[in-house]
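A short worksheet on the structure shown next.
Rule-based calculations on the coordinates, nothing more; no lab input. Note that the structure is predicted; figures quoted are calculated from it, not measured. All Cβ positions, even for glycine, are placed from backbone atoms using ideal geometry, and neighbour counts span all protein chains on display.
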Ligand SMILES: [Zn+2]
């Protein structure tokens with residue numbers, strides 16, 4: 001990403017300031033909410049890993065391993081090796097945050113099992129997005145340096161659109177996983193109503209990261225688009 005101005009009259013880089021602010025704000029909100037609900041224990045005493053086991057079993061899912069991994073909020077589901085990886089603060093902890101996050105990752109397992117459309121689209125977009133985002137900026141840079149190649153700025157800009165689309169498709173996948181998580185938590189009876197409301201708060205705040213990433217990538221695209229128009 002070009003965080004610096006391109007040319008003396010380039011004001012488009014200013015668009016990256018709100019992008020940066022949104023990203024930092026979302027990260028801070030997620031961290032503080034996680035810290036808060038990591039301290040609130042679930043009265044039933046169920047741990048993240050134990051709830052994940054229950055949720056998968058109750059949905060008739062077999063052959064998915066639940067493993068412990070290092071780090072904070074590094075939790076994820078890897079459909080390639082059928083593994084739900086839960087972080088240290090989630091795996092063996094009986095907090096509202098731990099159970100909510102474990103349930104969210106199992107929500108991704110259920111999406112995979114039920115062949116949830118947006119998840120399939122997102123999976124298919126991963127390699128495309130990687131290629132597009134890798135070559136977009138070198139192309140734009142060449143277009144900026146060599147005035148005869150301004151068409152490369154256009155090409156790079158449209159390639160970058162793949163990143164925005166990817167972030168956009170990520171949103172329904174994330175919201176749906178949280179929806180499935182809360183539904184299963186409610187049905188299993190492991191949380192009181194107050195705890196369920198807290199779990200919902202935890203998961204909707206966590207989703208802010210994805211909304212922020214989408215907005216930031218859109219602002220970056222808008223910046224590139226304006227640059228490409230100016231270069232003509
Ligand atoms: Zn997720």
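One table, with the values for the structure above:
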quantity: Degrees separating the helix 151-188 axis from the principal Cα axis of the chain, which is the longest one; calculated: 10
quantity: 11, 25, 158 arranged by Cβ crowding within 10 Å, fewest neighbours leading; calculated: 11, 25, 158
quantity: Three principal axis lengths of the range 106-214 [C-alpha, angstrom, descending]; calculated: 66, 26, 13
quantity: Contour excess over end-to-end distance, with Cα ends at residue 145 and residue 193 and 0.36 nm allotted per residue; calculated: 11.3 nm
quantity: GNM top mover of 123, 45, 63 - the chain, alpha-carbon springs below 10 Å; calculated: 63
quantity: Burial ranking of peptide ranges 132-145, 87-100 (average Cβ count within 10 Å, highest at the top); calculated: 87-100, 132-145
quantity: Relative exposure of 153, 69, 17, judged by other C-beta atoms within 10 Å (fewest first); calculated: 17, 69, 153
quantity: Using a Förster distance of 45 Å, the FRET efficiency for residue 134-residue 92 (Cβ separation, nearest 0.05); calculated: 0.70
quantity: Extension reserve of the residue 10-residue 161 stretch, reckoned as 0.36 nm per residue once the Cα distance is removed; calculated: 52.3 nm
quantity: Cα-derived Rg to Rh of the chain, Kirkwood definition; calculated: 1.08
quantity: DSSP-defined beta bridges in the range 12-230 - what % are antiparallel, rounded to 5; calculated: 45
quantity: Nearest-ten-degree value, helix 48-58 long axis tilted from longest Cα axis of the chain; calculated: 80
quantity: Degrees, to the nearest 10: 16-38 long Cα axis against longest axis of the chain; calculated: 10
quantity: Inter-label distance, nm, simple model (7 Å from Cα along the C-beta direction), residue 76/residue 61; calculated: 1.6
